[in-house]
Amino acid sequence: MSVKLLVLGLMMERDRHPYDIRQTIKARNWHVTFNVRDGSLYYAVDQLCQEGSIEAVEIVQAPGQNRPDKTIYRITDKGRETLVKLLNKQLGETAFPQHPVLSALPFIRHSDHTEALRCLETQLEACKERISMMEAVQQLKAGTLPRGSVHLLRGILKLSLAEKEWLEEVIAEAKNGRLFEPKPPSPDS
C-alpha cells in the first residue's frame, strides 16, 4: 500500500499533522493491515508537500520545551488528483500472499523442530487475537463506518479466518512429523 494514498485519503477528511495521521490509523485499527513506520509517514508527507499535493496551513506550538512545533497540512487540488490516480493504481494491483511463514516452509525440515512448532503456534495465536479484535471492532463500529471501511474489516477477518485454518493444518503436520520429512523418494529410486 502506498503511504501517500493513506496520507491523502485521511487528509480528505480534514487538515492533519502527521502525528494525527498515525493516531487515526491506530484508532481505526488500520495498523493491522497497513504497516506504516513513522519515518515512512513523515517522508511521504514531505514528498507530498514538495510536489504540491498538500500544503502547510498552520503551525501549532507544541507545549513544553524541546518539542518541535506541529505543522498542520491540507490537501490541494493537485493532491485530490493524485489521490484518484493512487486509488486507481492500488485497485489495479493483483494480490499475492506474503505471509512470513511461506518463505520458511520450503526449508523447515532443516529447522529445530521444537522451535519451529513453537513459532508456528505463536503465529496461530497472533492470528486468533487478530480475529477476536476484528470481530469486536466490527461489532462495535459496524453501523458507524463508511462502506469501504466495513469491507476492509470484513476482508481482514475473512483472510485471517483462512490463515487460521491453514496454520492449523501446518501445525498438525508439524506435530505428526510429516512437515519435517525430506522429500518423498522419486519413482526412479
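Condition first: touching a residue at least 24 places away in the same chain (Cβ under 8 Å), assigned to a helix (DSSP H, G or I) and exposed (fewer than 14 other Cβ atoms within 10 Å of the Cβ). Can you find one or more residues in the range 136-146 that meet it?
no
How about the range 86-105: which of its residues are outside any loop (DSSP other than H, G, I, E, B), without any contact (Cβ under 8 Å) to a residue 12 or more places away in the chain and open to solvent by less than 70 Å² (accessible area, probe 1.4 Å)?
Correct list: Gly92 only.
Of the residues in the range 1-21, how many are under 13 Å from the mean Cα position of the chain (by Cα) and either modelled with pLDDT of 95 or more or open to solvent by 30 Å² or more (accessible area, probe 1.4 Å) (or both)?
3
Tell me which residues, restricted to the range 156-180, are open to solvent by less than 30 Å² (accessible area, probe 1.4 Å) and farther than 21 Å from Ala116 by Cα.
Matches in the range 156-180: Ile156, Leu157.
Contact list please: Cβ distance under 8 Å, first residue in the range 107-135 and open to solvent by 70 Å² or more (accessible area, probe 1.4 Å), second residue of a type in the set (Phe, Trp, Tyr), pairs at least six apart or on different chains.
Here the result reads Arg109/Phe180; His113/Phe180, each pair linking the range 107-135 to a residue that is of a type in the set (Phe, Trp, Tyr).
Restricting to the range 44-80, count the residues that are part of a helix (DSSP H, G or I) and either free of Cβ contacts under 8 Å to residues at least 12 places away in the same chain or surrounded by 16 or more Cβ atoms within 10 Å (Cβ to Cβ) (or both).
8
Within the range 29-43, how many residues are outside any helix (DSSP H, G or I) and in contact with a helix residue (DSSP H, G or I) (Cβ under 7 Å, 6 or more places away or on another chain)?
Of the residues in that region, 4 qualify.
The values are calculated or read from the model by the stated rules, or taken from the named source; none is laboratory data. These numbers come from a predicted model, not from an experiment. Cβ atoms come from the backbone with ideal geometry, glycine included; neighbour counts cover every protein chain shown. Accessible surface areas use protein heavy atoms only, side chains included; no ligands, DNA or RNA. Shrake-Rupley method; radii C 1.70, N 1.55, O 1.52, S 1.80 Å.
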